[in-house]
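Notes follow the structure.
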Amino acid sequence: MKNQISKIQKIAIKEIGKVKSLEDLEKLKVKYLGRKSVLTDVLRSLKDLNPEEKKAIGEESNKTKQAIDLKLKEKEIEIRNKELKNIDEKERIDITYPCGQTKRGHLHPLTRVRYEIEEIFKSMGFLVVDGRDVEDEFHNFDALNMPKNHPARDMQDTFWLKDGAVPRTQTSSVQIRFMEKNKPPFRIVSIGTVYRNENSDATHEFNFHQIECLMVDKSGKITVANFKSVMSEFMKGLFGKETQTRLRPSYFPFVEPGFEFDASCPYCKGSGCKICKKTGWIELGGAGIVNQNVFTSVGFKEDEYEGFAFGFGIERLAMIKYGIDDIRLFHSGDLRFLEQF
Ligand code: FA5
């Protein structure tokens, strides 16, 4: 009988060793350790043996059961590990694998122009400063020599907030904010959003961007010649040498004398088209020598300082630079437009 038991153990261990799946392993478990197993059959015949033999065979069969059970457990671990390894191989994720479907974005054309302008001015020693979008009436108008009821306020259709604050109509408010904290000499530029209560058309938006420039020093040190020289460098840096520019006398309450600054129309090269309203020129902005009332409004002594200032529309500059014929495209969110840059 001992021989029979050890034979069963040998066969069982051999069979378990060959199994490849958990299902087959379960079948072998039933076959060798279940209630109707081969081993149980052998043990049933113990009843015909004497007590000593019974004891010896009983011990032997328990050892065999334990050996088979151990082998089954080892095999189960082996099969499970193999399965996990297969999953690992099949479902491996390479997080460094290049993802072909993602489209890379790029800077908006207005942001590109903004950065380019800031670089040009930085190269001329200008400081780039920031302003605030929502202003009070003093900084947007009064301090810029545009007191209440001044007719020049009508030149800038204004959105008023309920508490009397103003989404700024011009970046000129930055001049005041800066001079309240800094004394000349200085040269600054500031680019930001401005808001006007206007209808949109091909060259007008109700919210657009301006660049403000202010250069101030002791009286007699800054003249229109300085303005023209800075402006000429700016235009050459942004548009290259072909673009023509011109100054026209104009009026802004915060400068004296004041002028308007135009660039030749890039579409018709000056011969006249619908974009330039048949004039051959596109208005970029206003400029002039700072009115002394602006200096006194920030606490400077009259005639102690002199300087020039200008304010240009950034969209208009970008339109000329990239040959864009409708200002509304910038905020349209139309990818066919944006992907061209
Ligand atoms: C001003 O805003 C003055 N603050 C400019 C200035 C600064 C003059 C310093 C003197 C000294 P104006 O309202 O003309 O000026 O606007 C300046 C420029 O902003 C215009 O020439 C134009 O390029 C642009 N602009 C004005 N209105 C719009 C609009 N609705 N849509 C797009 N661009 C506009």
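The values are calculated or read from the model by the stated rules, or taken from the named source; none is laboratory data. Nothing here was measured: the structure is a model prediction, and the numbers come from that model. Don't worry about glycine lacking a Cβ; one is built from the backbone with ideal geometry, like all the others, and counts go over all protein chains shown. Accessible surface is based on the protein model in full, side chains and every heavy atom, while ligands, DNA and RNA are left aside. Shrake-Rupley method; radii C 1.70, N 1.55, O 1.52, S 1.80 Å.
Backbone geometry of the range 116-128 corresponds, through the Karplus equation with coefficients 6.51, -1.76 and 1.60 at θ = phi - 60°, to 3J(HN,Hα) couplings of 5, 5, 4, 5, 4, 5, 4, 5, 9, x, 7, 9, 8 Hz, x marking Gly and Pro. When the Gaussian network model of the chain links Cα atoms closer than 10 Å, the mean-square fluctuations of Gly34, Gly272, Gly307 top out at Gly34.
Considering only protein heavy atoms, what is the solvent-accessible area of Arg44 at a probe of 1.4 Å, reported in Å² to the nearest 10? My reading of the accessible area for Arg44 is about 140 Å².
Of the solvent-accessible surface of the range 185-335, computed with a 1.4 Å probe and all protein chains present, 48% belongs to carbon and sulfur. Under 5 Å between amide hydrogens, built in the peptide plane, is the criterion, and for Asn291 it picks out Val255, Glu256 among residues at least 5 positions away or on other chains. Accessible surface for Trp160 stands near 120 Å², nearest 10, in the context of the full protein assembly shown (1.4 Å probe).
Between Pro151, Pro253, Pro51, the residue with the greatest mean-square fluctuation in the GNM of the chain (Cα pairs under 10 Å linked by springs) is Pro51. Largest to smallest in accessible area, the residues Ser173, Ser123 fall in the order Ser123, Ser173 (1.4 Å probe, all protein chains included). Judged by a Cβ-Cβ distance under 4.7 Å, the unpaired cysteines of the chain are Cys99, Cys213.
Starting from 0.36 nm per residue, how many nanometres of slack lie between Arg80 and Ser250 once their C-alpha separation is accounted for? Show your work: numbers first, answer last.
Working: separation 170, 0.36 × 170 = 61.20 nm, distance 8.66 nm.
Working it through step by step, the gained length comes to 52.5 nm.
Ordering Phe312, Tyr195, Val290 by Cα displacement along the dipole of the range 110-338 toward the positive end leaves Phe312 in first place; charges were set at the Cβ atoms of Lys, Arg (+1) and Asp, Glu (-1). Note that the range 8-15 has calculated 3J(HN,Hα) couplings of 4, 4, 4, 4, 4, 4, 5, 5 Hz, one per residue in order, obtained from phi through the Karplus relation 6.51 cos²θ - 1.76 cosθ + 1.60 (θ = phi - 60°); glycine and proline are x.
What FRET efficiency, computed as 1/(1 + (r/R0)^6) with R0 = 45 Å and r the Cβ-Cβ distance, is obtained for Lys10 and Ile93, rounded to the nearest 0.05? Present the calculation step by step, with values, prior to reporting the outcome.
Working: r = 45 Å, r/R0 = 1.00.
For R0 = 45 Å, the calculated efficiency reads 0.50.
Per 5 Å bin, what is the whole-percent P(r) computed from every C-alpha pair distance within the range 184-286? Result, from short to long distances: 2, 10, 16, 22, 23, 16, 7, 3, 1 percent. Tell me, what is the FRET efficiency for Lys73 and Glu53 to the nearest 0.05, using R0 = 25 angstrom and their Cβ-Cβ distance as r? For R0 = 25 Å, the calculated efficiency reads 0.25.
Helix-derived [θ] at 222 nm for the chain: sum -39500 (n - 2.57) over DSSP H runs of at least 4, divide by residue count, nearest 500? It would help to have the intermediate numbers written out before the result.
Details: 11 runs with 139 residues, N = 341.
Only helices count here, giving -13000 deg cm²/dmol.
Report, by chain and number, residues whose modeled amide H sits under 5 Å from the one on Val128, excluding near sequence neighbours (fewer than 5 apart, same chain). Residues meeting the amide H criterion: Val189.
Against the chain, whose longest principal axis is taken from its Cα atoms, helix 224-239 shows a tilt of about 40°. A probe of 1.4 angstrom, applied to the heavy atoms of all protein chains, finds Ile282 with accessible area near 20 square angstrom.
Leaving ligands, DNA and RNA out of it, rank Leu144, Leu338 by accessible area with a 1.4 Å probe, largest first. Write out the running numbers ahead of the final one.
Working: Leu144 0, Leu338 35 Å².
Per-residue accessible area, sorted high to low, gives Leu338, Leu144.
Rolling a 1.4 Å probe over the protein heavy atoms gives the chain an accessible area of 59 Å² per residue. The GluC sites (Glu not before Pro) of the range 232-335 that meet both conditions, a loop assignment by DSSP and at most 10 other Cβ atoms within 10 Å of the site Cβ, are Glu242, Glu302.
With R₀ fixed at 45 Å, the C-beta to C-beta distance from Lys162 to Lys277 puts the FRET efficiency at about 0.75. Summing Cβ point charges (Lys, Arg +1; Asp, Glu -1) relative to the Cα centre of the chain gives a dipole of roughly 2720 debye.
Summarising the amide proton neighbourhood of Phe259: residues at separation of 5 or more, or on other chains, whose placed amide H is nearer than 5 Å comprise Ser250, Ala287, Gly288. In sequence order, the range 330-341 has phi-based couplings of 4, 9, 6, x, 7, 5, 4, 7, 5, 6, 7, 9 Hz under the Karplus curve 6.51 cos²θ - 1.76 cosθ + 1.60, θ = phi - 60°, and Gly or Pro positions carry x. Ordered from largest to smallest accessible area (heavy atoms of protein chains, 1.4 Å probe), the residues Ile57, Ile13, Ile93, Ile77 come out as Ile93, Ile77, Ile13, Ile57. Between Gln156, Gln175, Gln101, the Gaussian network model of the chain with springs among Cα atoms under 10 angstrom shows the greatest mean-square fluctuation at Gln101. Taking Cα atoms only, the orientation of helix 51-90 departs from the longest principal axis of the chain by about 20 degrees.
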